[in-house]
Amino acid sequence: MSVSLSKTPGVVRDLLILRAGPQDLPHSEWQLGVLALVSICAEAWVSMRLLGVEDLTTPALQATASIGVLLGLTFLLLRAFGREARFVQTASALLATGLVFLLLAALAIAPAWPLPKESSEMTGIQLAAGFASLVIVSWQLLVRGHILRHTLEVPLRRGVLFALALTLAKLLLEALIAQLGATPA
């Protein structure tokens, strides 16, 4: 198993520069599980730092919901195209590249932590960090589109549109889940 997984970092690098596809990753449910767990932990930590909160509970629950929604929507998209057999590699590619983008975004916005409650209180460094984050998110959409292009066998433009739709649906579902969690019983 370790021999086939050892090429994963190189494939992830190539995914980031649009030179590889998800099919170049090993088909490994174990790797997907590890990537999901690491993604949840990383997202929770970054959220905790970004929001300046001490308790990890809420960021961890939100990160778990976020990764679950991403994986669920990805599976539904692949199923709609009759490509559910490609789920493990596609999900692994999305999570692995997502971790890299999360790290890049965290590095870009680290000088701005924690963010102020009001936008009028933002400093120049925080505004620059926001711009850097926008560039990173745009690059991530392109990479996700590239991954989906390979998976669904569609042109890059269409892959990027699917990536944008997937991202927007993910954000809407996360907001709905957060709203349901905030509703008093």
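The values are calculated or read from the model by the stated rules, or taken from the named source; none is laboratory data. Predicted, not measured: the structure shown is a model, and the values here were computed from it. Neighbour counts run over all protein chains shown; Cβ positions are idealised from the backbone, glycine included. In case anyone asks, the SASA skips ligands and DNA or RNA and just uses the protein heavy atoms, side chains included. Shrake-Rupley method; radii C 1.70, N 1.55, O 1.52, S 1.80 Å.
The figures follow:
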{"item": "Mean Cβ neighbour count within 10 Å, used as a protection proxy, ranking 66-72, 133-139 highest first", "result": "66-72, 133-139"}
{"item": "Exposure of Ile177 as accessible area (Å², to 10), given a probe of 1.4 Å and all protein chains", "result": "80 Å²"}
{"item": "Accessible area of the chain belonging to carbon and sulfur atoms, whole % at 1.4 Å probe", "result": "68 percent"}
{"item": "Relative contact order for segment 57-185, counting Cα pairs under 8 Å that sit 6 or more residues apart, in percent", "result": "28 percent"}
{"item": "Nearest-0.05 FRET efficiency for Leu164 and Phe131, computed from C-beta distance (R0 22 Å)", "result": "0.65"}
{"item": "For the chain: accessible area per residue (Å², 1.4 Å)", "result": "56 Å²"}
{"item": "Net length gained if the chain between Leu180 and His27 were fully extended (0.36 nm per residue, minus Cα distance)", "result": "51.6 nm"}
{"item": "Segment Lys117-Val53, extension gain: residue separation times 0.36 nm, minus the distance between their alpha carbons", "result": "21.8 nm"}
{"item": "Segment 84-185 - Rg (one decimal) and Dmax (whole number), Cα, Å", "result": "16.5, 49"}
{"item": "Only Lys, Arg (+1) and Asp, Glu (-1) charged, at Cβ; segment 83-149 dipole about Cα centre in debye", "result": "360 debye"}
{"item": "Residues in segment 84-98 reached by a label modelled at Val38 [backbone nitrogen below 11 Å; 7 Å Cα→Cβ]", "result": "95-98"}
{"item": "Tail weight of P(r) past 15 Å, computed on alpha-carbon pairs of segment 1-68, percent", "result": "61 percent"}
{"item": "By accessible area with a 1.4 Å probe, ligands and nucleic acids excluded, highest first: order of Val143, Val160", "result": "Val160, Val143"}
{"item": "Cβ-Cβ FRET estimate between Leu107 and Phe75, R0 fixed at 25 Å, reported to 0.05", "result": "0.25"}
